[in-house]
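Take a look at the structure set out below.
The values are calculated or read from the model by the stated rules, or taken from the named source; none is laboratory data. Just so we're clear, the structure is a prediction, and the values are computed from it rather than from any experiment. No Cβ is skipped: glycine too gets one built from the backbone with ideal geometry, and neighbour counts run over all protein chains shown.
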Amino acid sequence: MRINHLKEAKEALLGSVMRVKTGISGLDELMGGGIPAGSCVLVSGKVGTGKSIFAMQYILKGIADHGEPGVLVSLERDKQGLYDYASKFGWQFQRLENEGSLRIIGGPISNVVTEMKKAKAKIGELLSEIVETVKASGSRRVVLERVDLLSMFFPEERDFKIQLDNLRDRLAKLNCTSIATSEIREGREELSRGGAEQILDGAIVLYYNSEGLEGDRALEIRKMRGIGHSNRLHLFNITDNGIVIQNLPGKRKPKLPREIEKAIEPAISLSALRKSIIG
Ligand SMILES: Nc1ncnc2c1ncn2[C@@H]1O[C@H](COP(=O)(O)OP(=O)(O)OP(=O)(O)O)[C@@H](O)[C@H]1O
Ligand SMILES: [Mg+2]
(Lines give C-alpha, C1' and ligand atoms only; values in the text may rest on other atoms or scores of the structure.)
(Ligands and ions follow the chains in the order given, each with its own letter.)
Protein backbone atom coordinates (compact mmCIF):
# COMPACT_ATOMS: atom_id res chain seq x y z
CA MET A 1 0.00 0.00 0.00
CA ARG A 2 2.74 2.40 1.08
CA ILE A 3 4.74 1.60 -2.03
CA ASN A 4 1.71 2.36 -4.18
CA HIS A 5 1.25 5.71 -2.45
CA LEU A 6 4.90 6.60 -2.97
CA LYS A 7 4.64 5.54 -6.59
CA GLU A 8 1.52 7.62 -7.13
CA ALA A 9 3.10 10.63 -5.42
CA LYS A 10 6.19 10.34 -7.58
CA GLU A 11 4.05 10.06 -10.71
CA ALA A 12 2.01 13.09 -9.66
CA LEU A 13 5.20 15.08 -9.07
CA LEU A 14 6.64 14.06 -12.38
CA GLY A 15 3.24 14.52 -13.98
CA SER A 16 3.86 11.36 -15.91
CA VAL A 17 3.61 7.62 -15.96
CA MET A 18 6.55 5.57 -14.61
CA ARG A 19 8.50 3.94 -17.43
CA VAL A 20 10.35 0.70 -17.96
CA LYS A 21 13.24 0.72 -20.40
CA THR A 22 12.86 -1.79 -23.21
CA GLY A 23 16.61 -2.21 -23.72
CA ILE A 24 16.03 -1.76 -27.45
CA SER A 25 18.55 0.89 -28.39
CA GLY A 26 16.75 4.07 -29.53
CA LEU A 27 13.21 2.84 -28.88
CA ASP A 28 12.59 4.29 -25.42
CA GLU A 29 13.23 7.82 -26.69
CA LEU A 30 10.34 7.40 -29.13
CA MET A 31 7.90 7.17 -26.23
CA GLY A 32 9.28 9.51 -23.60
CA GLY A 33 11.54 7.08 -21.77
CA GLY A 34 10.08 3.60 -22.06
CA ILE A 35 6.89 1.57 -21.87
CA PRO A 36 4.49 2.36 -19.00
CA ALA A 37 5.35 0.37 -15.88
CA GLY A 38 2.85 -2.42 -15.28
CA SER A 39 1.70 -2.55 -18.88
CA CYS A 40 1.65 -5.49 -21.25
CA VAL A 41 2.74 -4.55 -24.76
CA LEU A 42 2.19 -6.59 -27.89
CA VAL A 43 5.10 -6.88 -30.33
CA SER A 44 3.67 -8.06 -33.59
CA GLY A 45 5.02 -8.80 -37.04
CA LYS A 46 5.08 -11.28 -39.87
CA VAL A 47 7.59 -14.15 -39.96
CA GLY A 48 11.22 -13.17 -39.49
CA THR A 49 10.54 -9.56 -38.53
CA GLY A 50 12.51 -9.69 -35.24
CA LYS A 51 9.88 -10.57 -32.62
CA SER A 52 11.95 -13.18 -30.80
CA ILE A 53 15.09 -11.06 -30.74
CA PHE A 54 13.06 -8.11 -29.37
CA ALA A 55 11.60 -10.34 -26.64
CA MET A 56 14.93 -11.88 -25.62
CA GLN A 57 16.62 -8.47 -25.60
CA TYR A 58 13.92 -7.04 -23.32
CA ILE A 59 14.41 -9.79 -20.75
CA LEU A 60 18.21 -9.78 -21.01
CA LYS A 61 18.57 -6.00 -20.61
CA GLY A 62 16.22 -6.01 -17.63
CA ILE A 63 18.52 -8.42 -15.84
CA ALA A 64 21.86 -7.07 -17.07
CA ASP A 65 21.22 -3.32 -16.94
CA HIS A 66 18.52 -2.94 -14.28
CA GLY A 67 18.93 -5.99 -12.03
CA GLU A 68 15.29 -6.97 -12.69
CA PRO A 69 14.66 -10.73 -12.69
CA GLY A 70 12.57 -11.99 -15.59
CA VAL A 71 10.32 -14.83 -16.67
CA LEU A 72 10.38 -15.92 -20.30
CA VAL A 73 7.42 -18.00 -21.43
CA SER A 74 8.02 -19.40 -24.89
CA LEU A 75 5.53 -21.34 -26.97
CA GLU A 76 8.01 -21.36 -29.84
CA ARG A 77 11.27 -22.86 -28.56
CA ASP A 78 12.47 -25.25 -25.88
CA LYS A 79 15.11 -24.23 -23.37
CA GLN A 80 18.04 -25.46 -25.41
CA GLY A 81 16.71 -23.65 -28.48
CA LEU A 82 16.48 -20.45 -26.45
CA TYR A 83 19.97 -20.85 -24.98
CA ASP A 84 21.36 -21.39 -28.49
CA TYR A 85 19.48 -18.50 -30.12
CA ALA A 86 20.30 -16.06 -27.31
CA SER A 87 23.98 -17.02 -27.38
CA LYS A 88 24.19 -15.78 -31.00
CA PHE A 89 23.87 -12.29 -29.51
CA GLY A 90 26.22 -13.01 -26.60
CA TRP A 91 23.32 -13.42 -24.15
CA GLN A 92 24.03 -16.25 -21.71
CA PHE A 93 20.52 -17.39 -20.81
CA GLN A 94 21.64 -20.70 -19.30
CA ARG A 95 24.01 -18.91 -16.91
CA LEU A 96 21.30 -16.40 -15.93
CA GLU A 97 18.90 -19.25 -15.29
CA ASN A 98 21.46 -21.03 -13.13
CA GLU A 99 22.03 -17.82 -11.20
CA GLY A 100 18.27 -17.49 -10.61
CA SER A 101 17.66 -14.18 -12.39
CA LEU A 102 15.89 -15.82 -15.34
CA ARG A 103 13.10 -18.42 -15.36
CA ILE A 104 12.09 -20.12 -18.58
CA ILE A 105 8.79 -21.96 -18.92
CA GLY A 106 6.71 -23.40 -21.75
CA GLY A 107 8.20 -25.01 -24.85
CA PRO A 108 7.14 -25.58 -28.46
CA ILE A 109 3.34 -25.48 -28.60
CA SER A 110 3.07 -29.13 -29.76
CA ASN A 111 5.06 -30.30 -26.70
CA VAL A 112 2.97 -28.14 -24.39
CA VAL A 113 -0.25 -29.60 -25.80
CA THR A 114 1.07 -33.19 -25.46
CA GLU A 115 2.23 -32.63 -21.88
CA MET A 116 -1.04 -30.99 -20.92
CA LYS A 117 -3.00 -33.89 -22.38
CA LYS A 118 -0.85 -36.38 -20.45
CA ALA A 119 -1.33 -34.50 -17.20
CA LYS A 120 -5.02 -33.83 -17.99
CA ALA A 121 -4.20 -30.20 -17.33
CA LYS A 122 -6.22 -27.20 -18.46
CA ILE A 123 -4.84 -24.01 -19.99
CA GLY A 124 -5.77 -22.13 -16.81
CA GLU A 125 -3.07 -24.16 -15.04
CA LEU A 126 -0.38 -22.92 -17.44
CA LEU A 127 -1.54 -19.34 -16.89
CA SER A 128 -1.41 -19.86 -13.13
CA GLU A 129 2.06 -21.41 -13.44
CA ILE A 130 3.21 -18.21 -15.14
CA VAL A 131 1.81 -16.05 -12.32
CA GLU A 132 3.20 -18.34 -9.60
CA THR A 133 6.65 -18.34 -11.22
CA VAL A 134 6.62 -14.55 -11.31
CA LYS A 135 5.59 -14.41 -7.66
CA ALA A 136 8.13 -16.97 -6.48
CA SER A 137 11.02 -15.35 -8.34
CA GLY A 138 10.06 -11.73 -7.61
CA SER A 139 10.33 -11.04 -11.33
CA ARG A 140 9.65 -7.58 -12.72
CA ARG A 141 9.63 -8.46 -16.41
CA VAL A 142 7.72 -11.12 -18.30
CA VAL A 143 7.86 -12.18 -21.91
CA LEU A 144 5.05 -14.20 -23.45
CA GLU A 145 6.59 -15.49 -26.68
CA ARG A 146 3.81 -16.17 -29.20
CA VAL A 147 0.82 -15.23 -27.10
CA ASP A 148 -1.24 -15.77 -30.27
CA LEU A 149 -0.67 -19.53 -29.95
CA LEU A 150 -2.45 -19.48 -26.59
CA SER A 151 -5.63 -18.51 -28.41
CA MET A 152 -5.73 -21.99 -29.95
CA PHE A 153 -6.79 -23.36 -26.57
CA PHE A 154 -9.99 -21.33 -26.74
CA PRO A 155 -12.66 -22.19 -29.31
CA GLU A 156 -14.32 -18.84 -28.61
CA GLU A 157 -12.28 -15.65 -29.15
CA ARG A 158 -14.21 -14.05 -26.31
CA ASP A 159 -12.88 -16.61 -23.80
CA PHE A 160 -9.29 -16.08 -24.97
CA LYS A 161 -9.70 -12.33 -24.49
CA ILE A 162 -11.12 -12.77 -20.99
CA GLN A 163 -8.24 -15.05 -19.95
CA LEU A 164 -5.62 -12.77 -21.52
CA ASP A 165 -7.12 -9.75 -19.78
CA ASN A 166 -7.05 -11.66 -16.53
CA LEU A 167 -3.38 -12.63 -17.00
CA ARG A 168 -2.49 -9.04 -17.90
CA ASP A 169 -4.20 -7.85 -14.74
CA ARG A 170 -2.51 -10.41 -12.48
CA LEU A 171 0.93 -9.54 -13.88
CA ALA A 172 0.31 -5.81 -13.44
CA LYS A 173 -0.69 -6.38 -9.82
CA LEU A 174 2.67 -8.09 -9.31
CA ASN A 175 4.37 -4.92 -10.63
CA CYS A 176 5.44 -6.73 -13.76
CA THR A 177 5.87 -5.07 -17.11
CA SER A 178 5.40 -7.50 -19.97
CA ILE A 179 6.04 -8.01 -23.67
CA ALA A 180 3.83 -10.44 -25.59
CA THR A 181 4.85 -11.36 -29.12
CA SER A 182 2.48 -12.41 -31.85
CA GLU A 183 2.64 -13.34 -35.51
CA ILE A 184 0.75 -11.40 -38.15
CA ARG A 185 -0.54 -14.00 -40.55
CA GLU A 186 -0.14 -13.49 -44.30
CA GLY A 187 -3.15 -11.81 -45.79
CA ARG A 188 -4.62 -10.88 -42.43
CA GLU A 189 -5.15 -7.37 -41.15
CA GLU A 190 -5.29 -8.21 -37.45
CA LEU A 191 -2.12 -7.77 -35.39
CA SER A 192 -2.73 -10.98 -33.50
CA ARG A 193 -4.81 -14.11 -33.71
CA GLY A 194 -7.58 -13.82 -31.15
CA GLY A 195 -7.53 -10.01 -31.10
CA ALA A 196 -4.84 -9.68 -28.40
CA GLU A 197 -4.12 -6.14 -29.62
CA GLN A 198 -7.53 -5.04 -28.35
CA ILE A 199 -6.83 -6.34 -24.84
CA LEU A 200 -3.19 -5.40 -24.32
CA ASP A 201 -1.99 -1.92 -23.30
CA GLY A 202 0.27 -1.21 -26.23
CA ALA A 203 1.22 -2.51 -29.64
CA ILE A 204 4.50 -2.23 -31.56
CA VAL A 205 4.52 -3.51 -35.13
CA LEU A 206 7.67 -4.77 -36.85
CA TYR A 207 7.96 -4.71 -40.65
CA TYR A 208 10.36 -6.36 -43.06
CA ASN A 209 10.83 -5.69 -46.71
CA SER A 210 12.01 -8.88 -48.36
CA GLU A 211 13.37 -7.02 -51.40
CA GLY A 212 16.65 -6.76 -49.48
CA LEU A 213 17.09 -3.03 -49.93
CA GLU A 214 19.16 -0.95 -47.54
CA GLY A 215 17.18 -0.06 -44.44
CA ASP A 216 14.69 -2.83 -44.97
CA ARG A 217 13.39 -3.18 -41.42
CA ALA A 218 11.12 -0.73 -39.63
CA LEU A 219 8.84 -0.48 -36.63
CA GLU A 220 5.98 1.68 -35.51
CA ILE A 221 4.38 2.23 -32.14
CA ARG A 222 0.76 1.55 -33.04
CA LYS A 223 -0.64 2.27 -29.59
CA MET A 224 0.60 2.87 -26.05
CA ARG A 225 -2.20 3.60 -23.60
CA GLY A 226 -1.70 6.63 -21.38
CA ILE A 227 1.40 8.14 -22.98
CA GLY A 228 2.39 10.10 -26.06
CA HIS A 229 4.68 8.44 -28.60
CA SER A 230 6.09 8.74 -32.07
CA ASN A 231 3.55 8.02 -34.77
CA ARG A 232 6.15 7.52 -37.47
CA LEU A 233 7.90 4.56 -39.02
CA HIS A 234 11.44 4.03 -37.72
CA LEU A 235 14.05 2.01 -39.52
CA PHE A 236 16.04 -0.47 -37.45
CA ASN A 237 18.84 -2.98 -37.85
CA ILE A 238 19.36 -6.40 -36.37
CA THR A 239 23.00 -6.59 -35.33
CA ASP A 240 25.15 -9.06 -33.40
CA ASN A 241 24.07 -7.10 -30.30
CA GLY A 242 20.35 -7.25 -31.06
CA ILE A 243 17.92 -4.63 -32.35
CA VAL A 244 19.15 -1.06 -32.86
CA ILE A 245 16.85 1.75 -34.07
CA GLN A 246 18.53 3.81 -36.76
CA ASN A 247 19.29 7.29 -35.59
CA LEU A 248 17.35 9.04 -38.35
CA PRO A 249 14.23 11.14 -38.19
CA GLY A 250 11.28 8.80 -38.61
CA LYS A 251 9.34 8.83 -41.83
CA ARG A 252 5.84 10.19 -41.63
CA LYS A 253 3.30 7.52 -42.40
CA PRO A 254 1.52 8.41 -45.63
CA LYS A 255 -2.13 9.32 -45.34
CA LEU A 256 -3.86 6.98 -47.72
CA PRO A 257 -7.52 6.93 -48.74
CA ARG A 258 -9.42 4.65 -46.38
CA GLU A 259 -10.27 2.06 -49.03
CA ILE A 260 -6.61 1.73 -50.03
CA GLU A 261 -5.50 1.56 -46.41
CA LYS A 262 -7.95 -1.29 -45.83
CA ALA A 263 -6.75 -3.13 -48.89
CA ILE A 264 -3.03 -3.16 -48.06
CA GLU A 265 -1.47 -5.70 -45.77
CA PRO A 266 0.21 -4.56 -42.54
CA ALA A 267 3.65 -5.56 -43.86
CA ILE A 268 3.48 -3.10 -46.75
CA SER A 269 6.67 -3.01 -48.84
CA LEU A 270 8.87 -0.45 -47.17
CA SER A 271 10.50 0.58 -50.41
CA ALA A 272 7.08 1.35 -51.86
CA LEU A 273 6.24 3.19 -48.70
CA ARG A 274 9.43 5.23 -48.84
CA LYS A 275 8.78 6.05 -52.49
CA SER A 276 5.33 7.33 -51.61
CA ILE A 277 6.78 9.44 -48.79
CA ILE A 278 9.91 10.91 -50.31
CA GLY A 279 9.26 10.34 -54.00
N1 LIG B 1 23.16 -11.82 -35.92
C2 LIG B 1 22.27 -11.32 -36.77
N3 LIG B 1 22.58 -10.25 -37.53
C4 LIG B 1 21.70 -9.71 -38.38
N5 LIG B 1 20.43 -10.21 -38.57
C6 LIG B 1 20.09 -11.28 -37.88
C7 LIG B 1 20.96 -11.90 -36.94
N8 LIG B 1 20.32 -12.93 -36.39
C9 LIG B 1 19.10 -12.97 -36.95
N10 LIG B 1 18.95 -11.99 -37.85
C11 LIG B 1 17.74 -11.67 -38.63
O12 LIG B 1 16.64 -11.76 -37.74
C13 LIG B 1 15.62 -12.56 -38.32
C14 LIG B 1 14.88 -13.37 -37.31
O15 LIG B 1 14.59 -12.60 -36.16
P16 LIG B 1 13.56 -13.22 -35.09
O17 LIG B 1 13.85 -14.64 -34.84
O18 LIG B 1 13.51 -12.30 -33.95
O19 LIG B 1 12.23 -13.07 -35.95
P20 LIG B 1 10.77 -13.58 -35.60
O21 LIG B 1 9.87 -12.49 -36.00
O22 LIG B 1 10.71 -14.06 -34.20
O23 LIG B 1 10.66 -14.79 -36.62
P24 LIG B 1 9.70 -16.10 -36.58
O25 LIG B 1 8.52 -15.69 -37.36
O26 LIG B 1 10.52 -17.13 -37.25
O27 LIG B 1 9.41 -16.41 -35.17
C28 LIG B 1 16.35 -13.49 -39.25
O29 LIG B 1 15.49 -13.93 -40.29
C30 LIG B 1 17.49 -12.63 -39.75
O31 LIG B 1 17.05 -11.88 -40.88
MG1 LIG C 1 10.17 -15.88 -33.35
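Among the residues in the range 67-79, are any surrounded by 22 or more Cβ atoms within 10 Å (Cβ to Cβ) and out of contact with any strand residue (DSSP E or B) (no Cβ under 8 Å at 6 or more places or on another chain)?
Step one: list which residues in the range 67-79 are surrounded by 22 or more Cβ atoms within 10 Å (Cβ to Cβ), which gives 70-75.
Filter once more, so that each one left must be out of contact with any strand residue (DSSP E or B) (no Cβ under 8 Å at 6 or more places or on another chain): none.
Checked the range 67-79: no residue is surrounded by 22 or more Cβ atoms within 10 Å (Cβ to Cβ) and out of contact with any strand residue (DSSP E or B) (no Cβ under 8 Å at 6 or more places or on another chain).
If you go through the range 140-179 one residue at a time, how many are more than 13 Å from the chain's Cα centre (by Cα), under 27 Å from I63 (Cβ atoms) and not charged (D, E, K, R)?
10
I'd like to know if the range 60-83 contains one or more residues that are of a type in the set (F, W, Y), at pLDDT 95 or above and within 23 Å of D148 (Cβ to Cβ). Please lay out each step first, then the result.
So in the range 60-83, the residues of a type in the set (F, W, Y) come out as 83.
With at pLDDT 95 or above added as a condition, the list becomes 83.
With the extra rule that they be within 23 Å of D148 (Cβ to Cβ), the set shrinks to none.
Taking every residue of the range 60-83 in turn, none turns out to be of a type in the set (F, W, Y), at pLDDT 95 or above and within 23 Å of D148 (Cβ to Cβ).
The conditions are (1) away from ligand 1 (no atom under 15 Å from the Cβ); (2) of a type in the set (G, A, S); (3) assigned to a strand (DSSP E or B), and G38 fails exactly one of them. Which is it?
(3)
To keep it simple, each residue is scored yes or no on (1) more than 16 Å from ligand 2 (Cβ to nearest atom); (2) in contact (Cβ under 8 Å) with a residue 60 or more places away in the chain.
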| site | (1), (2) |
| --- | --- |
| M31 | yes, yes |
| G34 | yes, no |
| G38 | yes, yes |
| M56 | no, yes |
| E68 | yes, yes |
| K79 | no, no |
| L82 | no, no |
| N98 | yes, no |
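Does G67 satisfy being touching a Lys or Arg at 6+ places or on another chain (Cβ under 6 Å), of a type outside the set (K, R) and more than 13 Å from ligand 1 (Cβ to nearest atom)? So that I can check it myself, show each step before the final result.
On the way: touching a Lys or Arg at 6+ places or on another chain (Cβ under 6 Å): no; of a type outside the set (K, R): yes; more than 13 Å from ligand 1 (Cβ to nearest atom): yes.
Answer is no for this residue.
Among L235, L219, L174, which is the only one that is within 16 Å of ligand 2 (Cβ to nearest atom) and within 22 Å of G33 (Cα to Cα)?
Values: L235 fails: within 16 Å of ligand 2 (Cβ to nearest atom); L174 fails: within 16 Å of ligand 2 (Cβ to nearest atom).
Testing whether each residue is within 16 Å of ligand 2 (Cβ to nearest atom) and within 22 Å of G33 (Cα to Cα) leaves just L219.
Just need a number here: residues in the range 161-209 that are within 15 Å of ligand 1 (Cβ to nearest atom) and not small (G, A, S).
Selection size over the range 161-209: 15.
Restricting to the range 152-166, name every residue that is surrounded by fewer than 23 Cβ atoms within 10 Å (Cβ to Cβ), in a helix (DSSP H, G or I) and of a type outside the set (D, E).
Pass one, the range 152-166, residues surrounded by fewer than 23 Cβ atoms within 10 Å (Cβ to Cβ): 152-159, 161-163, 165-166.
Add one more test, that the residue is in a helix (DSSP H, G or I), and what stays is 152-153, 157-159, 161-163, 165-166.
Within the range 152-166, M152, F153, R158, K161, I162, Q163, N166 qualify.
Being within 21 Å of S192 (Cα to Cα), among the hydrophobic types (A, V, I, L, M, F, W, C) and at pLDDT below 95, is that true of even one residue in the range 238-253? Explain how you work it out, then say what you get.
First, pick out the residues of the range 238-253 that are within 21 Å of S192 (Cα to Cα): none.
For the range 238-253, residues within 21 Å of S192 (Cα to Cα), among the hydrophobic types (A, V, I, L, M, F, W, C) and at pLDDT below 95: absent.
If the Cβ limit is 9 Å and pairs must be 6+ apart or interchain, which residue in the range 159-170 that is more than 12 Å from I123 (Cα to Cα) pairs with which residue that is among the acidic types (D, E)?
R168/D201
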